[in-house]
1. Work out how much length residue 112 to residue 15 would gain on full extension: take 0.36 nm times their residue separation and subtract the Cα-Cα distance, in nm to one decimal.
2. Please build a GNM for the chain, connecting alpha carbons under 10 Å apart, and tell me which residue among 133, 13, 214 fluctuates the most.
3. What distance in nm separates the simple spin-label points at residue 168 and residue 200, each placed 7 Å from Cα in the Cβ direction?
4. Assuming R0 = 41 Å, what is the FRET efficiency of residue 49 and residue 122, from their Cβ-Cβ distance, to the nearest 0.05?
5. In degrees between 0 and 90, to the nearest 10, how far off the longest principal axis of the chain does helix 90-99 point, with axes built from Cα atoms?
6. Have a look at 257, 74, 107 and tell me which one the Gaussian network model of the chain (Cα, springs below 10 Å) gives the largest fluctuation.
7. With angles folded into 0 to 90 degrees, how steeply does helix 39-50 sit against the dominant principal axis of the chain? Use alpha carbons for both and round to 10.
8. When 3, 166 are ordered from fewest to most other Cβ atoms inside 10 Å of their Cβ, what list results?
């Protein structure tokens, strides 16, 4: 209890119970293992282990480069490189979704839904992405798009992958500063009742964005002549630029080609279809805050 109330940080009763029940009372807990313990060293070891996690299989790592303004219209902005962006190709994520465990639940063709009352009056019902006007219109539009010269004569069924993306910087602990900035993606071709089930596996992680490192402040202070009076606005601007630069990596040539001409995907039923990715929704936090 003295440890809980030592004043350095607020530790809840739940945190103390977890320490006692899950750690101290665990049959494999040994006090001798804590000899010469150092939390900073152990965090570095855990970070190294996490970097080899199979959860990042298929992910690539890249630096994100942004332009930092100089504060002087006669001096061009200077590039600043931010390491540590982990991401996978959007086209790879789409292929996985159309051939994975939930692929049999995907709706390939949108439709209109009506409710007929006892008086035989029909009323349009809106319930899912795949019965919305916007997806109906986009589905009709892709049927008439020209194909790439290499794919002329292709008779495969054309369908729309209704992409729904989210990004939100998240704190990983209640009492620490560790944070993560993921980008998630779901398919609107799935029912909202499937997407809303946390155990359905419908949510795909497509990227983990880096944050501005501590070295950014030192870099900007030397480069921007009005840093002391404008640092808050400069930092906000660069956070916005970081988000835009990250999406520039995600929207690569493969994705742009698929957006324009479609991508051939072998679906879970063994049939090849031409899939056109389209962003239907994008919900995001405000990184500049």
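None of the figures in this text is laboratory data; all of them are computed from the coordinates on show. Every value quoted in this text rests on a predicted model; they were computed, and no experiment measured them. Note that we place each Cβ from the backbone using ideal geometry, even for glycine, and neighbour counts take in every protein chain shown.
1. Difference between extended and current length: 29.8 nm.
2. So, out of 133, 13, 214, the one fluctuating most is 13.
3. The modelled label-to-label distance comes out at 1.7 nm.
4. Taking R0 as 41 Å, the efficiency between residue 49 and residue 122 is 0.10.
5. Computed tilt is about 60 degrees.
6. 74
7. Approximately 20 degrees, to the nearest ten.
8. Sorted ascending by nearby Cβ count, the order is 3, 166.
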